[in-house]
Amino acid sequence: MNAIRTLLVANRGEIACRVMRTARRMGIATVAVHSDADAGALHVRAADRAVRIGGPMVSESYLDMEAILEAAKRSGAAAVHPGYGFLSENSAFAEACRDAGLIFVGPPPAAIHAMGDKARSKRLMVEARVPVVPGHEGGDQSDAVLKRAAGEIGFPVLIKASAGGGGRGMRRVDAADGFDAALEGARREAESAFGDGTVLIEKLVTDARHIEIQIFADGHGNCIHLGERDCSAQRRHQKIIEESPSPFVTPEMRAAMGADAVKAALAVGYEGAGTVEFIVGADRRYFFLEMNTRLQVEHPVTEMVTGFDLVEWQLRIASGERLPVGQDDVPLQGHAIEARLYAEDPYDGFRPQTGEVLHWRPETAADGVRIDNGIAEGGAVTPYYDPMIAKLIAHGRDRAEAIARLRGALLAHPLVGPATNRGFLLDLLASQEFADGAMTTDRIDRWIAGEDAILARPTPSPDDWALAAAVLAVRAGGSWFRSNGIAECPVTLECGGERRVTKVRFERGRLAGVTLDGDAVAIESVEVDGTRVRARIGGVTAQALAVGDGRTLWLDRDGRSFAFAEPDLLAPRAQPSDPSRIVASVSGLLRGLEVKAGDAVAWGQRVGVIEAMKMENGLVAEADGMVAAVHAAAGEQVRAGELIIEIEVARG
């Protein structure tokens, strides 16, 4: 065995931290690489050594092969683990690592190349007799040929980027009249994300489930599968919750899909960890989608049901060892489920969020719960990288227990600062469809399109307003009242664009009552210990978390977080949005501008695109008129709230 002594992790965030955790347990020294934006990041602090590789943009750091290879040389690393994303499925990078005398912890470059192009991989699967979705993978990329192919396949169809994954460069088309715009959007996004605008067309399997099989192969001809994961709970083809085993898959399906996944891996001479993804119809017929030639984001659920450390297996196989078990020795025990915590606002179109992390304590996870995390309290979520910041994983004896434990973990671990999808995850887990195991790949998108109540922005209750005021008053302490006197503390608060007036009454140094806009609220006592709050409300004692930052108090209770601000009463109230000013909705890269000074625009017209955290966010005109001025150029970094375009609004 060619043992690995020093490992460079060519990635960032939670996956870099996770790989380092196993390497450290195995006695392997670790090297982190980092951009300027990540100089103080958790993965940098977790490593034995760290090397700067460039600026904050991924193109000048985590996608810079030469910089990473130079970092390996300077740090004395013998091997490179690519994690997932970035260069993990780049065959040229795998080849460059081997040419530099480094062990690439992943499959051979030829296998990555074979499976890295969706069109090519589908042709290989046909040869291997693995069922594939009907579609068009021809080399002719002209608009007319692709549109004609879509019509022959039959709508609805999916336009998919041939290179890459993660839902980027993918568009659903339900009829011919929407094809041209969808094709343009898919190509643009694919070119931005993968540097390749090539697409393929596939028949859309409706009421579908996304089921994937974890496979492992060694360099001695052995290959096994480790069961399936159900990833059907997703939004715009981006996974949100994954679980194993699938509530939809029968033992017979598991055996058949596992055998086909192994067949797929052997067809390309695979080695290491890989995932074969299938789309499964309501009739339980399954079709090959793609193979991810790397470790998956959701690998922890497989680790929990098998008891195996998949990163350890990767490192051992890369060192020349054989698989430690055969197919008949793979245990599948209990149920595991994972939720992805994203820095995004589900109630504002899942818009990516940035900012300082004021409170986050993942190290306190309970038994049966694991939190894979890539950010620390005091750090920041920046606009440069994927919005996923952590994963919460729970294991139970059965599905119900695993779900209950995951809900408990989400409740117990609020992240205060940037908005997250935590509340949405709690609602999703509590939904009847999820409880019944009836999630399909388009269910959440249909919720979004139908403005389902699960996506209605939560608002603070009277108890929340009153409790926030009481916490502020208690923290103010002696400045408000004398221990032997009576005092009333007026506290004006704003939250979600609403302003309320409270009064907190103290008698002899003890809370005696709270009113909200003149009405009494049944808050009987409040104890504040740092960020922990213990309150008696209507005869029931409850716990809450309160985190202050300047004039803002974040209050978290029952899985909901609200930011209450003490406004400057001398300042004017916030005014409605001005349709003459189009400002950046998020911080990010101004990927494109579609108008220039003098152009006419109509209400609802898209005038530009900002790319933030690998997502496109459209800039939209809010009135009819003419472009008076453009204040930014395509390719520039812009900040949230920055003026991009001025509109001379049409009158009348």
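Summary table
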quantity: Strands (runs of 3 or more DSSP E) contained in the range 489-566 and holding at least 1 residues in contact with a His (Cβ under 8 Å, 6 or more places away or on another chain) and closer than 27 Å to residue 427 by Cα; calculated: 540-549, 552-557
quantity: Selected residue (criterion: surrounded by the fewest Cβ atoms within 10 Å (Cβ to Cβ)) from residues of the range 1-47 that are touching a Pro at 6+ places or on another chain (Cβ under 9 Å) and farther than 17 Å from residue 317 by Cα; calculated: 36
quantity: Residue check, residue 297 assigned to a helix (DSSP H, G or I), surrounded by 21 or more Cβ atoms within 10 Å (Cβ to Cβ) and on the phi < 0 side of the Ramachandran plot; calculated: no
quantity: Criterion: surrounded by fewer than 20 Cβ atoms within 10 Å (Cβ to Cβ) and among the β-branched types (Val, Ile, Thr) - qualifying residue of 157, 145, 173, 130; calculated: 145
quantity: Residue match in the range 556-565 (condition: surrounded by fewer than 18 Cβ atoms within 10 Å (Cβ to Cβ), at pLDDT 85 or above and in contact with a Gly (Cβ under 8 Å, 6 or more places away or on another chain)); calculated: yes
quantity: Selection count, the range 92-101, where residues are touching a helix residue (DSSP H, G or I) at 6+ places or on another chain (Cβ under 6 Å) and either surrounded by 19 or more Cβ atoms within 10 Å (Cβ to Cβ) or of a type outside the set (Gly, Ala, Ser) (or both); calculated: 4
quantity: Boolean, residue 152 is of a type outside the set (Phe, Trp, Tyr), surrounded by 23 or more Cβ atoms within 10 Å (Cβ to Cβ) and either assigned to a loop (DSSP other than H, G, I, E, B) or over 30 Å from the mean Cα position of the chain (by Cα) (or both); calculated: no
quantity: Residue within the range 121-137 that is on the phi < 0 side of the Ramachandran plot, more than 25 Å from the chain's Cα centre (by Cα) and among the acidic types (Asp, Glu) present; calculated: yes
quantity: Considering residues of the range 587-627 that are of a type outside the set (Ser, Thr, Tyr) and touching a Lys or Arg at 6+ places or on another chain (Cβ under 6 Å) only, the residue modelled with the lowest pLDDT; calculated: 611
quantity: Sole exception among (1) more than 21 Å from the chain's Cα centre (by Cα); (2) over 22 Å from residue 103 (Cβ atoms) for residue 223, by number; calculated: (2)
quantity: Residue list for the range 357-376, restricted to those being in contact with a strand residue (DSSP E or B) (Cβ under 9 Å, 6 or more places away or on another chain), surrounded by fewer than 18 Cβ atoms within 10 Å (Cβ to Cβ) and modelled with pLDDT of 95 or more; calculated: 358
quantity: The range 386-401 - residue that is of a type outside the set (Lys, Arg) and closer than 30 Å to residue 59 by Cα and, of those, farthest from the chain's Cα centre (by Cα); calculated: 392
quantity: Residue count for the range 59-93, restricted to those that are assigned to a loop (DSSP other than H, G, I, E, B) and either in contact (Cβ under 8 Å) with a residue 40 or more places away in the chain or assigned by TED's automatic domain parsing to the domain that holds residue 290 (or both); calculated: 12
quantity: Answer residue from the range 163-196, given it is in a strand (DSSP E or B) and either charged (D, E, K, R) or in the same structural domain as residue 291 (by TED's automatic domain parsing) (or both) and is farthest from the chain's Cα centre (by Cα) among those; calculated: 172
quantity: Residue in the range 575-586 that is in a loop (DSSP other than H, G, I, E, B), at pLDDT below 95 and more than 30 Å from residue 651 (Cα to Cα) present; calculated: no
quantity: Which numbered condition residue 221 misses (of (1) in contact (Cβ under 8 Å) with a residue 60 or more places away in the chain; (2) closer than 27 Å to residue 303 by Cβ); calculated: (1)
quantity: Residues of the range 336-352 satisfying the condition of being surrounded by fewer than 24 Cβ atoms within 10 Å (Cβ to Cβ) and either touching an Asp or Glu at 6+ places or on another chain (Cβ under 6 Å) or among the aromatic types (Phe, Trp, Tyr) (or both); calculated: 347, 350, 351
quantity: Selected residue (criterion: nearest to residue 528 (Cα to Cα)) from residues of the range 475-507 that are aliphatic (A, V, I, L, M) and modelled with pLDDT of 90 or more; calculated: 504
quantity: Among residues of the range 109-149, those that are part of a helix (DSSP H, G or I) and of a type outside the set (A, V, I, L, M), counted; calculated: 12
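Let's see how each residue does on (1) modelled with pLDDT under 95; (2) polar (S, T, N, Q); (3) in contact with a strand residue (DSSP E or B) (Cβ under 9 Å, 6 or more places away or on another chain); (4) part of a helix (DSSP H, G or I):
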{"site": "420", "(1), (2), (3), (4)": "no, yes, yes, no"}
{"site": "425", "(1), (2), (3), (4)": "no, no, yes, yes"}
{"site": "429", "(1), (2), (3), (4)": "no, no, yes, yes"}
{"site": "440", "(1), (2), (3), (4)": "no, yes, yes, no"}
{"site": "445", "(1), (2), (3), (4)": "yes, no, yes, yes"}
{"site": "451", "(1), (2), (3), (4)": "yes, no, no, no"}
{"site": "454", "(1), (2), (3), (4)": "yes, no, no, yes"}
{"site": "457", "(1), (2), (3), (4)": "yes, no, yes, no"}
{"site": "463", "(1), (2), (3), (4)": "no, no, yes, yes"}
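The values are calculated or read from the model by the stated rules, or taken from the named source; none is laboratory data. Note that the structure is a prediction, hence the values are computed from the model and not measured. All Cβ positions, even for glycine, are placed from backbone atoms using ideal geometry, and neighbour counts span all protein chains on display.
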